[in-house]
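Student: Right, I'll just put the structure down here and ask away after.
The values are calculated or read from the model by the stated rules, or taken from the named source; none is laboratory data. Everything numeric in this text was worked out from a predicted model, so none of it was measured. Here the Cβ positions follow ideal geometry from the backbone for every residue, glycine too, while neighbour counts run over all protein chains shown. Only protein heavy atoms, including side chains, enter the accessible area calculation; ligands, DNA and RNA are left aside. Shrake-Rupley method; radii C 1.70, N 1.55, O 1.52, S 1.80 Å.
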Amino acid sequence: MSEILVLVEHVDGDVKKVTLELLTLARSLGEPSAVWAGPGYSDAAKAKLAEYGADKVYVAAGEEIADYVVAPKAELLAQLVSERSPAAVLVAATAEGKEIAGRLAIKTDSGVITDAVGLGEGFVADQSIFGGGVNVRSRVTKGTPIVAVRPNSTAPVATAGAGAEEKVDVAFSDAARAAKVVERVKQEKGARPELTEAAIVVSGGRGVGSGENFSIIEKLADSLGAAVGASRAATDAGWYPHQFQVGQTGKTVSPQLYIAAGISGAIQHRAGMQTSKTIVVINKDAEAPIFEIADFGVVGDLFQIVPQLTEEIEKRK
Ligand SMILES: Cc1cc2nc3c(=O)[nH]c(=O)nc-3n(C[C@H](O)[C@H](O)[C@H](O)COP(=O)(O)OP(=O)(O)OC[C@H]3O[C@@H](n4cnc5c(N)ncnc54)[C@H](O)[C@@H]3O)c2cc1C
């Protein structure tokens, strides 16, 4: 079996769920080696990576890696690709992951696939393109396949790997130091899961009518342990913060369950959510285009349906 590099996403030393998904995917295709870049590495992190199948953990733990935006991570991966000749490199299809994938592709003269929602034998990727309007199957035909996989594309499954640790020394180029992070402001993290990683997302649109009314969307989300999302109409109106916007110019989500309330289903909104596994729609207009992609649709007033739904879910707890 051949080695597959998986770039670890981590925050404050915690391994993010998407990395466990990528390790699970890599395990089905070869021998996963996790690549830890930047500070925060610990025995607990190593144990987590091994629990989800990492046979090796390459560690480049210098502060410098985090200080120079994404360029050092691409150089670290390029060095590992040249030294280890892995069968593929997997990164999360986040904004950062996709930038790293692009830079790595240039450095290693390889092909890159972004926004994969599945990856099979021969590293053939199911890919969602043109704003989610078209699904294609793609394969890298040159160099080392570099694939950016969307969060929630695979359910993480624990399968013990050896987790053998190997320190990596990298001498970063001057070019990698061209842009330096000069300040970090930590965003207050709420109790809800992170939008792009959540297994369930409940989103509200213009139909919600006001910022105050978003509390009914939040209540439904909290009853399900879900993240809250919003359409651009809702964020532009100032009803919900922009960081929660789902769509072409917002976040891309691919949860197990996406509930859209009071959202019409414009192509730009769909672009960010239509690879969700199950889509439930609540809209008072039976002709709303979002019903075209719904697995389950309710035609009705969200102000009646959403609180009833929340109540029923709470009763079952
Ligand atoms: C370049 C560009 C980028 C864009 N990027 C994004 C993006 O990232 N994300 C995004 O979302 N949009 C984006 N948009 C905007 C997009 O085109 C739509 O304007 C937007 O998605 C509409 O939001 P909406 O569905 O909430 O509002 P509307 O289209 O106004 O739909 C509101 C829906 O709520 C329903 N409704 C109203 N009242 C109720 C009620 N009481 N109960 C139930 N249903 C009700 C209505 O029937 C209607 O279907 C972008 C547009 C452009 C041009």
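Student: Among the residues of the range 178-212, which ones are within 23 Å of residue 95 (Cα to Cα), of a type in the set (S, T, N, Q) and open to solvent by less than 70 Å² (accessible area, probe 1.4 Å)?
Tutor: Those that are within 23 Å of residue 95 (Cα to Cα), of a type in the set (S, T, N, Q) and open to solvent by less than 70 Å² (accessible area, probe 1.4 Å): 196, 203.
Student: So, one more: Would it be correct to say that residue 251 is within 20 Å of the chain's Cα centre (by Cα) and in contact (Cβ under 8 Å) with a residue 24 or more places away in the chain?
Tutor: In short, yes.
Student: Let me ask something additional. Of everything in the range 195-208 that's in contact (Cβ under 8 Å) with a residue 60 or more places away in the chain and either in contact with an Asp or Glu (Cβ under 7 Å, 6 or more places away or on another chain) or in a loop (DSSP other than H, G, I, E, B) (or both), which residue is nearest to the ligand (Cβ to nearest atom)?
Tutor: 205
Student: For residues that are in contact with a Ser or Thr (Cβ under 7 Å, 6 or more places away or on another chain) and either open to solvent by 40 Å² or more (accessible area, probe 1.4 Å) or not in a helix (DSSP H, G or I) (or both), scanning just the range 284-302, find the one that is nearest to the ligand (Cβ to nearest atom).
Tutor: Initially, the range 284-302 is screened for residues in contact with a Ser or Thr (Cβ under 7 Å, 6 or more places away or on another chain), giving 288-290, 295.
Filter once more, so that each one left must be either open to solvent by 40 Å² or more (accessible area, probe 1.4 Å) or not in a helix (DSSP H, G or I) (or both): 288-289, 295.
Numbers: 288: 4, 289: 8, 295: 18 Å.
Per the stated criteria, the residue is 288.
Student: Could you go through the range 213-232 and let me know if any residue there is more than 22 Å from residue 286 (Cα to Cα), open to solvent by less than 40 Å² (accessible area, probe 1.4 Å), in contact with a Pro (Cβ under 6 Å, 6 or more places away or on another chain) and more than 10 Å from the ligand (Cβ to nearest atom).
Tutor: yes
Student: Any idea how many residues of the range 101-120 are in contact with a Leu (Cβ under 7 Å, 6 or more places away or on another chain) and either of a type in the set (D, E, K, R) or part of a helix (DSSP H, G or I) (or both)?
Tutor: Taking the range 101-120 as the starting set, the residues that turn out to be in contact with a Leu (Cβ under 7 Å, 6 or more places away or on another chain) are 104, 119.
Cutting the leftovers down to either of a type in the set (D, E, K, R) or part of a helix (DSSP H, G or I) (or both) gives us 104.
Residues flagged as in contact with a Leu (Cβ under 7 Å, 6 or more places away or on another chain) and either of a type in the set (D, E, K, R) or part of a helix (DSSP H, G or I) (or both) within the range 101-120 amount to 1.
Student: Next up: If you go through the range 243-253 one residue at a time, do you hit one that is open to solvent by 10 Å² or more (accessible area, probe 1.4 Å), in a strand (DSSP E or B), on the phi < 0 side of the Ramachandran plot and away from the ligand (no atom under 14 Å from the Cβ)?
Tutor: no
Student: Step by step: first the residues of the range 272-283, then only those that are in contact with a Ser or Thr (Cβ under 9 Å, 6 or more places away or on another chain) and near the ligand (Cβ under 7 Å from one of its atoms), then the one that is modelled with the lowest pLDDT. Which residue is that?
Tutor: Checking each candidate, the answer is 272.
Student: Only one of (1) surrounded by fewer than 15 Cβ atoms within 10 Å (Cβ to Cβ); (2) within 13 Å of the ligand (Cβ to nearest atom); (3) free of Cβ contacts under 8 Å to residues at least 60 places away in the same chain; (4) not hydrophobic (A, V, I, L, M, F, W, C) fails for residue 307. Which number is that?
Tutor: Every condition holds for residue 307 apart from (3).
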